[in-house]
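Heads up, the thing below is written out as structure tokens.
Read the figures in this text as sums done on the coordinates, not as results from a lab. Everything quoted here is computed from the prediction, not taken from an experiment. Cβ sites come from the backbone with ideal geometry, for glycine too, and all protein chains shown count toward neighbours.
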Amino acid sequence: MARGRIALVTGAAGGIGRAVVARLVADGFRVAAVDIDEARMTELTGAVRDGVTPFVCDQTDEAAIGAVVERVETELGPVHALVNTIGWVGTTRFIEEDSDYWRKIIAVNLESILYVTHPVLERMIERKAGTVCNFSSDAGRIGTSCEVVYSACKAGVIALCKSLARENARYGINFNVVSPGPTDTPLLKEEIEQNPELIQRMTRLIPFRRVAQPEDQAAAVSFLVSDDASYITGQVISVSGGLTMVD
Ligand SMILES: NC(=O)c1ccc[n+]([C@@H]2O[C@H](COP(=O)([O-])OP(=O)(O)OC[C@H]3O[C@@H](n4cnc5c(N)ncnc54)[C@H](O)[C@@H]3O)[C@@H](O)[C@H]2O)c1
């Protein structure tokens, strides 16, 4: 059990984020929940009342997320676990996209993680304690069409985590990655609306013959940020029902 430790969860109002918040609260964390979507944050704090403090913030704004980290540390206490579930993707072919779109994808899926990790890590290093879990995607490991720049960012998240894991093991801080396969969330629903046959095709390819539920992803986070995983660092866990099996 986390015994009142603080977890900072980003993308907290999303499909997976909400399940992660609920699971970490059940594990005994007090959760600082960060998301840009004010309406969905209100829903989240309505559903998971105790143990969650909401912070509405655009995580692609370095100063704004820096100020949130400062507030969390002063108002709630030292961040023990940082979990980044933030993400966004559309489904277009690379050749149809423009550089404004690429910049948004890179800002949400990669830069936002740098902006929150830096101020949190500074404090974790001072305390010589902490754990970080980031969300990639199997798209970042095996590639996928119609999500080209997103896939590049998600591969970047893996490299970022492995490199940070090497730099910071000396302080007792571990960095790991959850790499979801298709998961039943608003993000997937958006993709299915654009391409209705996608779900049947996906399900046929998944050995367990179902897409993941957000709680499947939250269970992996729960383990990775627990003391039971304190000797595990720089690793990627694919929660994909066996869809992706790569070394
Ligand atoms: N759902 C899937 O099938 C799937 C598959 C592979 C990987 N993933 C990854 O898992 C993670 C969670 O995905 P999800 O399905 O829950 O997505 P989601 O869209 O339901 O949630 C993402 C959350 O990020 C928030 N967000 C977006 N831009 C933001 C910004 N600038 N500042 C602050 N918050 C912002 C959104 O408001 C949203 O609540 C993402 O990193 C995603 O890439 C999801």
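Let me spell out the model: positive unit charges on the Cβ of Lys and Arg, negative unit charges on the Cβ of Asp and Glu, origin at the Cα centre of the chain. What dipole size does that give, in debye rounded to 20?
Working: 24 positive and 32 negative charges, 171 e Å.
Magnitude of the dipole: close to 820 debye.
With viscosity set to 1.002 mPa s at 20 °C, what whole-number translational diffusion coefficient in µm²/s follows for the chain from Stokes-Einstein and a Kirkwood radius over Cα pairs?
Estimated diffusion coefficient is 119 µm²/s.
Can you check what the net charge comes to around Val72, using other residues whose Cβ is under 11 Å from the Cβ of Val72 (Lys, Arg +1; Asp, Glu -1)?
That sum, taken over residues with Cβ under 11 Å, equals 0.
Count the net charge of all other residues whose Cβ sits under 11 Å from the Cβ of Val239, scoring Lys and Arg as +1 and Asp and Glu as -1. Intermediate values should be presented prior to the final figure.
Numbers: positive: none; negative: Asp138, Glu215, Asp216.
Neighbourhood net charge equals -3.
State, as an integer percentage, the relative contact order of the chain based on alpha-carbon contacts under 8 Å between residues 6 or more apart. Could the numbers behind the result be given before it?
Values: 468 pairs, mean separation 49.4, N = 247.
About 20 percent, as a whole number.
Mind checking which lysines have their C-alpha under 30 Å from Lys162, skipping anything on the same chain fewer than 8 residues away?
Within the straight-line cut-off, Lys162 pairs with Lys104, Lys128, Lys154.
Mind sorting Thr92, Thr131, Thr74 by how few other Cβ atoms lie within 10 Å of their own Cβ, fewest first? Please list the in-between numbers first.
Numbers: Thr92 15, Thr131 25, Thr74 8.
In increasing order of surrounding Cβ atoms, one gets Thr74, Thr92, Thr131.
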